[in-house]
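The values are calculated or read from the model by the stated rules, or taken from the named source; none is laboratory data. Quick caveat, the model's predicted, so the values are computed rather than measured. We place every Cβ from the backbone using ideal geometry, glycine too, and count neighbours over all the protein chains shown. Side chains are part of the model used for accessible areas, which takes the heavy atoms of the whole protein and leaves out ligands, DNA and RNA. Shrake-Rupley method; radii C 1.70, N 1.55, O 1.52, S 1.80 Å.
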Amino acid sequence: MAENKLTLKENNESLDFIKDRNAEDQTNQNGGQLNLHPADEFTDNEGRQLLCQSCEEYGYKYQAEGFCVTCSEFLCRRCFEIHTLPRPMRGHVLEDKDQMPKDYTRKRKVNVELEMCPFHKNEIFISFCKKHDQLCCQMCVDIAHGICDLITIDAACADQNQKARDFVTSIVELHRKYVNLKFLAEEHISEIQWYYDKAILSLKKTIDVMHTRDIQSMTNIVRVCEKAVKQLNGYVSEVDTFKKNAEHSREFIAMKLLGNQMQIIKNNLNHLEEKNHYTRYSFYGTNNALNIGSLVIVSGLKEQIKTSNYYSGVKRIDCLVVLSDLRLIAMIKTQTNNNLTLINVSFKSKLHSEPFPLSGNAIVERMKDYVFVKNGEQIHTCKASEISESKKTYRKTDFRLDILVTNGATLLALCCDPLQIIELDEVHPSVKVSKKTLLTVDGASANLFRHQASVAFTTTEILYATDSETNSVFKIAKEGESHCLVRSDRLASPTGIALYREDTMLVCCTSAKCIVRVTTDGKILSFIETCDFEPGAVAFDEAQSLLYVSGKGRYINVYHA
């Protein structure tokens, strides 16, 4: 009802205005002449009279005494007074005769980019809301600012001189800072290159010394060996000639003389073998804010962990598993038990021990948060973080389990009778996939797991297995297909195997007491040339760049890797 009354009031005011306008029109017109204000106040710069454009549409000619910014129209006194009375026009912005434009051709032009409302299409800003500090178009006024204190944009600008100056000053300051920052960044680019070049030069200078020394040493060994081979070939040829010609006296004299020379040649060979090694090094980056990395001598012995401090009668250490925070799990075999032992590498201290009865080769693997122990024909599991707690035992498997292996996501059992791969559930001992018989291109893998062996399992689900009987490393797909990757006397009864950097593996050469690196294409590279025991287990901690090696005896060797 209030709205209807207001509308009725508006209508009555409009009707009264029309009646007054008609009366005024009859009174003011005198022979068709207008009763105008002085021309200098109500004419534009070209002398044309400024008339009410609203009244002109109805045939009336009245002098303009105001201007509607919203409608962009000149208004006479009465139109100016009632222009904002109708509800749709309450938000219109008016300018009186002192503020209004002085020329028809100089009405306020809209800068489309700056003055168009971003919220309402095709609407221009017409006013400024002091309460909300916001520019408003007509729709803004109708929807949200109808009862606010609105002023014209020009009026809002009147007291903005100081703010405008401050605003410009802030822009200038920002401009200055960006220019300075750009200059500094350009300077930093050249400085970055300087530090880079200096670091590379320093690193190169350091390793050049080792590089030059090692190349010269190996080149000298090659030269001496070539000379010795040539000399020995000459000796063989000379003795064969005397023998063919039946010159027995000369053959006897030559053999006596060569016998004395041979001892010198043997001594030289021993000396060359001792010198036939070089420095292996690599740069490893760190996340330390004060130390971005270090140049490490690879395969250099860092320390030894003496397990006889934990147990008496240690015979060998068969399995090694790396945990986080420099912790290591080792299966230490004594005369009475297999002992699952958690070791703090930093302090070389035993954190926990879990005894298992001796029943065949023990194997330890870690997957996710659990540690799996194959002992005899059973698999035990416990939490890696709490080895001393929550130990439970798998039921006895209905197949002979020879090797247990995991790549961190899949747990596999490798069996030799018949030769097969079985995927195990990590929580229950049930078989997850059907048994797969291993195939091979050369038939050699038929006896693969009947010999002392170890297996590494990659994230791409490829297995690499050692075979100590044939001095071989086999590559095996999880589906069952296998082939010999490399067979060489240089492997010398390979046992333990671990994944290393850059798609290579580290293999324990038990008989030769060394560790070699084997690439995925079958190339053998030297790594640790001499161990003081027969190595049988190896584990690589990539986060710490450390290599753990154990085997026959009571020590765990820790190497930089």
Query raised in the report: Which members of the range 458-471 meet the condition of being out of contact with any helix residue (DSSP H, G or I) (no Cβ under 7 Å at 6 or more places or on another chain) and open to solvent by less than 10 Å² (accessible area, probe 1.4 Å)?
Result: 463, 466
Requested in this report: Could you look through the range 422-480, keep only residues that are part of a strand (DSSP E or B), over 22 Å from residue 518 (Cα atoms) and not acidic (Asp, Glu), and pick out the one that is modelled with the lowest pLDDT?
Outcome: 431
Query raised in the report: Name the strands (runs of 3 or more DSSP E) wholly within the range 268-382 that hold at least 2 residues that are open to solvent by 50 Å² or more (accessible area, probe 1.4 Å)?
Result: 280-285, 293-298, 301-306, 349-357
Query raised in the report: Can you name every residue in the range 543-561 that is hydroxyl-bearing (Ser, Thr, Tyr) and either part of a strand (DSSP E or B) or within 20 Å of residue 308 (Cα to Cα) (or both)?
Result: 548, 550, 555, 559
**Report entry** Extreme residue, farthest from the chain's Cα centre (by Cα), among residues of the range 482-499 that are surrounded by 21 or more Cβ atoms within 10 Å (Cβ to Cβ) and closer than 21 Å to residue 280 by Cα
**Finding:** 491
**Report entry** Meets criteria (open to solvent by 30 Å² or more (accessible area, probe 1.4 Å) and at pLDDT 80 or above) for residue 61
**Finding:** yes
Report task. Give the residue, chosen from 224, 236, 229, that is in contact (Cβ under 8 Å) with a residue 24 or more places away in the chain, assigned to a helix (DSSP H, G or I) and either of a type in the set (A, V, I, L, M) or within 20 Å of residue 270 (Cα to Cα) (or both). Result -> 224
**Report entry** Residue satisfying all of: in the range 70-82; touching a residue at least 24 places away in the same chain (Cβ under 8 Å), outside any helix (DSSP H, G or I) and open to solvent by less than 30 Å² (accessible area, probe 1.4 Å); nearest to residue 124 (Cα to Cα) among these
**Finding:** 74
Requested in this report: Select, from 42, 67, the only residue that is open to solvent by less than 30 Å² (accessible area, probe 1.4 Å), over 60 Å from the mean Cα position of the chain (by Cα) and modelled with pLDDT under 80.
Outcome: 42
Requested in this report: Any residue in the range 399-422 that's closer than 13 Å to residue 455 by Cβ: show its pairings with residues that are modelled with pLDDT under 75 and assigned to a strand (DSSP E or B) at Cβ separation under 6 Å, as long as the two are six or more apart or on different chains.
Outcome: 402/416; 421/436
Query raised in the report: When you go through 493, 488, 468, 472 one by one, which is the residue that is touching a His at 6+ places or on another chain (Cβ under 8 Å), of a type outside the set (Lys, Arg) and over 19 Å from residue 541 (Cβ atoms)?
Result: 468
Requested in this report: State all residues of the range 254-305 that are of a type in the set (Val, Ile, Thr) and without any contact (Cβ under 8 Å) to a residue 12 or more places away in the chain; if no residue qualifies, say none.
Outcome: 264, 286, 292
Requested in this report: Collect the residues in the range 94-113 that are at pLDDT below 75 and either closer than 24 Å to residue 143 by Cα or aromatic (Phe, Trp, Tyr) (or both), keeping them in residue-number order.
Outcome: 104, 110, 111, 112, 113
